Amino acid sequence: MSIGATVRSFAHVDPYGNLGGDGTLGRLKKLLSPRWVVNKIALTIYERRHPDHPWITRDAILLLEALLRPHHRGLEWGSGNGTRWFARRCSSLTSIEHHRDWYQKVRSQLDAESLKNVDYRLVEEAAYVASIDGFPDESLDFVVVDGLFRAQTFLRSIPKLRKGGFILFDNVNWFLPSASRTPHSRSLQDGPFKGPHGDDFTEVALLVRDWKVLWTTNGVNDTAIFVKPGA
């Protein structure tokens, strides 16, 4: 791997090592923000000290440690560092991944740790969103939205989530409006990035308007936990 590719991967702006694909150029734009750079340095130090933690905010991790129970069943859209972390804390986890090389890397990590409670699936993009359809309604305790087609996967996950269950949505500030000061966040105010990101996320915002939302930020990315009402 070249020095440039190593740096991009380390910064989580080019995780798959294919500059120009998988949204990498959008991630690189963040490097133009001085505030993002300062926060990124602090985050990098934290991740170096906690190499087994998911790549989400520290506050979200603390919330998850309080919310997760050993009997919980979960589904993860997009695998990564968090796959093993969630698997250690729940009864069963289904993880959906579309990128073959990344799948092989995470598969090796799961095997090395002998984690047998993960149904890890390599799925083509065309079948990605439908991966959840086989689950009965209200059969999941939590869902992690951190992969492809985030609006569609969020919407498809809602009926599969039990009342009182939660959806963790990483990079939420890119898609739903808030008062976040994280660079490139969707805004509640007038401007080019006002409101939800497109019609599908407008639908998401309407459907979760009565949900409890735990919104966290580290200045680099925002992670929100949406708790389904009715428990």
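If only residues of region 66-104 that are within 23 Å of Ala130 (Cβ to Cβ) and of a type in the set (Lys, Arg) are counted, the one that is surrounded by the most Cβ atoms within 10 Å (Cβ to Cβ) is Arg73. Taken as a whole, region 155-172 holds at least one residue that is among the β-branched types (Val, Ile, Thr) and closer than 19 Å to Pro54 by Cα. For region 117-131, the candidate set comprises residues that are of a type in the set (A, V, I, L, M, F, W, C) and in a strand (DSSP E or B); within that set, the residue that is nearest to Pro70 (Cα to Cα) is Val118. Which ones in region 96-116 are assigned to a helix (DSSP H, G or I), charged (D, E, K, R) and more than 16 Å from Gly82 (Cβ to Cβ)? Selection gives Arg100, Asp101, Asp111. Only one of the numbered conditions (1) in a helix (DSSP H, G or I); (2) among the hydrophobic types (A, V, I, L, M, F, W, C); (3) within 20 Å of Asn221 (Cβ to Cβ); (4) in the same structural domain as Leu168 (by TED's automatic domain parsing) is not met by Ala42, and that is (4). Of the listed requirements (1) closer than 23 Å to Phe169 by Cβ; (2) modelled with pLDDT of 80 or more, Lys30 misses just one: (2). Any residue in region 191-212 that is out of contact with any Lys or Arg (no Cβ under 8 Å at 6 or more places or on another chain), in the same structural domain as Thr153 (by TED's automatic domain parsing), at pLDDT below 95 and loosely packed, with under 11 Cβ neighbours inside 10 Å? Yes, that holds for at least one residue.
The values are calculated or read from the model by the stated rules, or taken from the named source; none is laboratory data. Just so it is clear, the structure is predicted and the values come from calculations on it, not from any experiment. Neighbour counts are summed over all protein chains in view; Cβ atoms, including those assigned to glycine, are modelled from backbone coordinates with ideal geometry.
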